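The values are calculated or read from the model by the stated rules, or taken from the named source; none is laboratory data. Owing to the predicted nature of the structure, the values given are computational and were not obtained by experimental measurement. Please note: Cβ atoms are built from the backbone with ideal geometry, for glycine as well, and neighbour counts cover all protein chains shown.
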Amino acid sequence: MKMNALINVQIYDFNQYRENVYILFNEKIIKIGDMKTFKDKGYNIIKGNNNLVMPSLVVGHTHIYSTLSRGLILPFNPTNFQEILDQLWWKIDRHLDIDDIYYSGIVSGVDYIKNGVTTIIDHHASGIAIRGSLDTLKQAICNDVGMRGIFCFETSDRFDIEQCIEENLDFIKNNHGSNCIGLFGMHASLSLSEETLEKISHLINDIPIHIHVAESELDQENCIKNYGERVIKRLDRHKLLNENSILSHCIHINESEGKIIKENGCYIALNTSSNMNNSVGLPDYLLFKKLGIKCLIGNDGMSSGITTEYQNLLYSMHHQLKSPTAFDLSDLIKIINNNYDYVNKMMGIKIGRIEKGYEADMLMFPYTPPTPINKDNAFGHLFYGLFNSFKPKHVWCSGKQIVANYKVSSNLKIKYSKALNVATKLWDTIKKGDV
């Protein structure tokens, strides 16, 4: 098979900026050089004049199944976070069947790659289709769309606990490749009994967990009332805070809990758009930074991209901290790079740089800078000029082109169109169950 060559491109990878270069690649990046030294040796040439090439993007926490909620209208008048769960999300997830899961994966995956995302870390729940749900997501996201995925099932006392545990453990055991792995998923402390946590702790050994932590004050209030301790201390008592675990949100934690998170080598996933939408508060990033806790950035299923999350994180921190500089672009770049580093560590790969030896997970889009651009201000061009409407022209994952001229394959388009009937059936089921 011919090697691919992107020619006459600019590159930026959150670390370096170069102009007028070529990139040779197959599954991995083989060589990068100045165009003045380029010689065509029968390559598959893709011209990139006035185009910028970047690493494709990573979402650090999402909920694929939320895709099928788009436009759904239900009676909704919550007064707290628990009522948001009761009146919307728990009505949806308990009715999801295998078809719903598959087509939510197709729709989510297609929308993601059109926005330059090729790796996602998902937190899944489906009450009537627990067993086989993660393999279904893998089929849709990794096999059919062509992305990389880290999946888990949201263990909760709302569901059959044995099935939840088996689904997580079986998936983790059978998936440890460069495009798909599993974590052990749990919903949140408020929906997990002592018996359940003891059972999980006994079985998972050092497997990292993926769990919501203190997303709202109710999670802490429930934990203190029922167990006499705060959420992180409860999880730590059960020896569940394994290294490389993802603790999503962590809005209402204190410094003592933060120190435990740091000591155990866990990550916090930030999802500020969702936090603002649910009126639950914003994370204390300065505390996380002071303690040296590594943060990821996700979207909590709120969107089909991640670049608007970059913007909302910066703006929300400026608002919360009452300062335009306490959280700056360098903080954001560090978090973006944490997303890449986490995937690299967990999957045993190298993404996130346009360098020789890295996986060819890349995107390309036309960009003619209206002002001077260099390595020091390239991220500013992206953040203030492109991220609010970010639509790459071409996207590759492991060297395979999955978006070409803004379009996906005809096969994916056909599958995507079938989601309408699946969603219609799901909505009817939800509304009947709501009567």
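Annotations
- Of the residues Pro370, Pro283, the single one that is within 30 Å of Lys47 (Cα to Cα) and without any contact (Cβ under 8 Å) to a residue 60 or more places away in the chain is Pro370.
- Condition check for Ser216: in contact (Cβ under 8 Å) with a residue 60 or more places away in the chain and more than 19 Å from the chain's Cα centre (by Cα): yes
- Helices (runs of 4 or more DSSP H) fully within the range 162-239 counting 1 or more residues that are of a type in the set (Phe, Trp, Tyr): 217-227
- Taking every residue in the range 374-387 that is closer than 19 Å to Asn312 by Cα and pairing it with any residue that is of a type outside the set (A, V, I, L, M, F, W, C) and in a helix (DSSP H, G or I), at least 6 positions away or on another chain, the pairs with Cβ-Cβ distances below 6 Å are Phe387/Thr307; Phe387/Tyr310; Phe387/Gln311.
- Condition check for Lys138: in the same structural domain as Met302 (by TED's automatic domain parsing), part of a helix (DSSP H, G or I) and without any contact (Cβ under 8 Å) to a residue 24 or more places away in the chain: no
- Looking only at the range 88-119, and only at residues there that are more than 16 Å from Leu420 (Cα to Cα) and modelled with pLDDT of 95 or more, the one that is surrounded by the most Cβ atoms within 10 Å (Cβ to Cβ): Thr118
- Residues within the range 252-273 that are under 17 Å from His61 (Cα atoms) and buried (at least 22 other Cβ atoms within 10 Å of the Cβ), tallied: 7
- Among the numbered conditions (1) modelled with pLDDT of 95 or more; (2) in a loop (DSSP other than H, G, I, E, B); (3) out of contact with any helix residue (DSSP H, G or I) (no Cβ under 7 Å at 6 or more places or on another chain), the only one that Phe14 does not meet is (3).
- For Ala326, the requirement of being assigned by TED's automatic domain parsing to the domain that holds Phe288, hydrophobic (A, V, I, L, M, F, W, C) and over 23 Å from the mean Cα position of the chain (by Cα) is met.
- Count of residues meeting criterion [in contact (Cβ under 8 Å) with a residue 12 or more places away in the chain, among the small types (Gly, Ala, Ser) and out of contact with any Lys or Arg (no Cβ under 9 Å at 6 or more places or on another chain)] in the range 286-343: 5
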